[in-house]
Amino acid sequence: MKYKPDERAPDIGAVIVCAGKGERTGLPYNKVLYAVGRKTVLESTLDKFLALPEISHVTVVAAQSDLETVKELTLPYPEVSVVTGGNTRSQSVYNGLKAHECDIVLIHDGARPFVDEQTIKDSIASAARYGSGIAAVPAVDTVKRINADGALASLPRNELYNVQTPQTFRYRDITNAYEKALATDRTFTDDAEVYEYAGYAPRPVQGTYENVKITTAGDLLRAAPPSCKIGAGFDLHLLVENRALILGGVEIDYPLGLSGHSDADVLTHAVMDALLSAADLPDIGVLFPDTDDKYLGVSSMLLLDRVVNEVKARGYAIGNVSAVVIAQQPKLAPVIYNIRKSLAAALGVTVDKVNVSASTTERLGIIGEGKAIAATASCILTENAI
Ligand code: MG
């Protein structure tokens, strides 16, 4: 049978625009490169488009100053290419359009990582059928106009929509529209306005209120509130002669000390295990085996430093740590604040985030007989949603 070109599935591409400076976030760099949790805003946005098999190619438009960083970020994705933006949004979008020809093109803000699959699909379907599909939601706030005399004038709210992206078009139409727009001095705030200027009628599709454009640093936190993971740790060491007693990195004046391969800082060991368990990492027995002479007599605070780095490298922040030292002797009340300060410094948090309390076992058992000290610790790690 003869091949009919109009029966093939349309080639669908996307242009992700992040050529602005994102100055309103107050960050010293482009907001799309801000990492929340394990990913940058741009990667989270890209993931939404790359998840759809019908989208064959994505062009990211980046500012010259971000070009190398963005290229590096997108290296794992063969279907993504990166081009440099222009002096205006219109020029940037046009650069993106010219980089890759297709039948239908989605144009999307790099700073809108919360777009959902349905909106993307609906905008493609609308563009295939009607020529365009512009994500929009009914205005929630009452929008008014300020008249020339300075007075507020009411507008009919049921006719007003907040327009978002994606804004999806037939490739040829929007490319032609941009060529017309760029031949004028006019400023266009979005693609639909360019399309309208060229004589087309942009058509809305239902967006979602979650599809916010991240503009300020506060938007990032509101948009991606942290989720929490709890961790628990426990340890016990025997008290022996001729050893220093170290708890939370603080040496305590006492005739006995804890025995162990490292400095046997039982409290710091429990704290490390709490952090590792919350991050779903192997415990300290696996990370720092007592069969390895590297760790003979080593300060547990150095090990804690490594654990904190491991946990942070996985995108977690430490919320708080709460620990209990279980010892019949010595009385810890006079040194507990120093212990809290020492642990807080190692964890990189303020002292109010590290609580340590002391308990006895009413003279019962090995701890009650003064032969051992144990410690338990719990912690909260936070992780942003992006
Ligand atoms: Mg231990």
Unique residue being open to solvent by 80 Å² or more (accessible area, probe 1.4 Å), among the hydrophobic types (A, V, I, L, M, F, W, C), at pLDDT 95 or above and over 30 Å from THR184 (Cβ atoms) when the list is LEU152, LEU52: LEU152
Residue list for segment 142-177, filter: among the charged types (D, E, K, R) and in a loop (DSSP other than H, G, I, E, B): ASP149
Among (1) in contact (Cβ under 8 Å) with a residue 40 or more places away in the chain; (2) aromatic (Phe, Trp, Tyr); (3) away from the ligand (no atom under 16 Å from the Cβ), the one test that TYR197 misses: (1)
From the options TYR130, TYR161, TYR94, residue that is buried (at least 22 other Cβ atoms within 10 Å of the Cβ) and aromatic (Phe, Trp, Tyr): TYR94
Residue that is most open to solvent (accessible area, probe 1.4 Å), among those in segment 368-386 that are touching a residue at least 60 places away in the same chain (Cβ under 8 Å) and in a loop (DSSP other than H, G, I, E, B): LYS371
Matching residues in segment 103-130 - criterion: being of a type outside the set (Asp, Glu), within 14 Å of LEU52 (Cβ to Cβ) and assigned to a loop (DSSP other than H, G, I, E, B): VAL115
Residue count, segment 124-145 (criterion: at pLDDT 95 or above and either over 38 Å from the mean Cα position of the chain (by Cα) or among the hydroxyl-bearing types (Ser, Thr, Tyr) (or both)): 3
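Return yes or no: is VAL325 in contact (Cβ under 8 Å) with a residue 24 or more places away in the chain, closer than 18 Å to VAL356 by Cβ and surrounded by 14 or more Cβ atoms within 10 Å (Cβ to Cβ)?
Taking the combined requirement at face value, the residue satisfies it.
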Single unsatisfied condition, VAL60 versus (1) assigned to a helix (DSSP H, G or I); (2) surrounded by 19 or more Cβ atoms within 10 Å (Cβ to Cβ): (1)
Single residue of segment 339-367 satisfying the filter (crowded, with 16+ Cβ neighbours inside 10 Å and farther than 22 Å from VAL308 by Cβ) that is farthest from the chain's Cα centre (by Cα): ILE367
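Which of the strands (runs of 3 or more DSSP E) contained wholly in segment 218-316 include at least 3 residues that are within 14 Å of the ligand (Cβ to nearest atom), open to solvent by 50 Å² or more (accessible area, probe 1.4 Å) and out of contact with any Pro (no Cβ under 8 Å at 6 or more places or on another chain)?
Working: elements: 227-240, 245-247, 250-252.
Once the strands (runs of 3 or more DSSP E) in segment 218-316 are filtered for at least 3 residues that are within 14 Å of the ligand (Cβ to nearest atom), open to solvent by 50 Å² or more (accessible area, probe 1.4 Å) and out of contact with any Pro (no Cβ under 8 Å at 6 or more places or on another chain), what remains is 227-240.
The values are calculated or read from the model by the stated rules, or taken from the named source; none is laboratory data. Quick caveat, the model's predicted, so the values are computed rather than measured. Glycine also receives a Cβ, built like all others from the backbone with ideal geometry; neighbour counts cover every protein chain displayed. Heads up: the accessible areas ignore ligands, DNA and RNA and are worked out on the full protein's heavy atoms, side chains in. Shrake-Rupley method; radii C 1.70, N 1.55, O 1.52, S 1.80 Å.
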